[in-house]
Amino acid sequence: MSLRTRIATIVATVVAVFVLLGAAGLAFMYSGVYDVSASSRDIPIVAKLLHGTYEASLHRHAGADVAPGDLLSFENIRAGARMYDASCALCHGAPDRPLSAVGQGIQPAAPSLLSASRRNKPELMFWTIKHGVNMTAMPSFGKTQSDEALWQVAAFIFAERGVSKDKYDLLVHGDDQVGSTAVSLKSPTPQTGKD
Ligand code: HEC
């Protein structure tokens, strides 16, 4: 066999293998064998592939956005708490509250962002909150919210890991005066109104 014929055979074999793999993939897809229901957990290999892809993507893409200098101010944390309660708690949970029907129904389930063992590095979490996570229920909030609002909610989940129900409720519902004294975070001197 000449060198030319040999190369032609190798190329033809490689092409044939790819065509066969593609056909097998399509056959698998259209056969409907794969169970897409969200009522049971993903099989471990799929869960690992999805989560591993997310983690690698996060570490590659996140970190370019610069956090505001006053990231952890009381005002930011409280505004973030309010946004969290309105838009995130249904999936990510809130202290001592049963998870919503949405949160219980999604697969993969959302992590408990307020549990004490979380790290929630703001620069990383900001990216996820802004862009969302494809193929999961995590929405892209950058489509509708300002970066400022997203940094605030990132500040809240970072500063308040392990938050108690009482403090959570105060941050979300307390008025300015009650909130700033009760949560003992740095905040501007309260106005006395007597000067
Ligand atoms: C409809 C459900 C849903 C809502 C609403 C939602 N999330 Fe998520 N979120 C998820 C899911 C599911 C994941 C896990 C994605 C995965 O498996 O990679 C996630 C992941 C995240 C992560 C990444 C955690 C990590 O360990 O890397 C952050 C941060 C986050 N969400 C923040 C928020 C914030 C802040 C809000 C509200 C502004 C919010 N999410 C609203 C479902 C939701």
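Every number here is computed from the coordinates shown, using simple stated rules; none is lab data. Bear in mind that the values here come from a model prediction, so they are computed numbers and not experimental data. All Cβ positions, glycine included, derive from the backbone under ideal geometry; neighbour counts span all protein chains shown.
Structure notes:
- Sequence of 61, 92 once ranked by neighbouring C-beta atoms within 10 Å, starting from the fewest: 61, 92
- Cα long-axis angle, helix 122-131 against the chain (0 to 90 degrees, to the nearest 10): 60
- Contact order for the range 42-135, expressed relative to its length and based on alpha carbon pairs under 8 Å spaced 6+ residues apart, stands at 35 percent.
- Computed from Cα atoms, the angle from the helix 147-159 axis to the main principal axis of the chain rounds to 80 degrees.
- Taking Cα centre as origin and charging only the Cβ of basic (Lys, Arg, +1) and acidic (Asp, Glu, -1) residues, the dipole magnitude of the range 44-182 rounds to 580 debye.
- Taken over the chain, lysine pairs spaced eight or more positions apart, or on distinct chains, with alpha carbons under 27 Å apart number 14.
- Residue-averaged [θ]222 nm for the chain, counting only DSSP H segments that reach four residues, each worth -39500 (n - 2.57): -17500 deg cm²/dmol
- Least to most buried among 74, 28, 126 (fewest other Cβ within 10 Å first): 28, 74, 126
- For the pair residue 165 and residue 23, label points projected 7 Å from Cα toward Cβ lie 6.2 nm apart.
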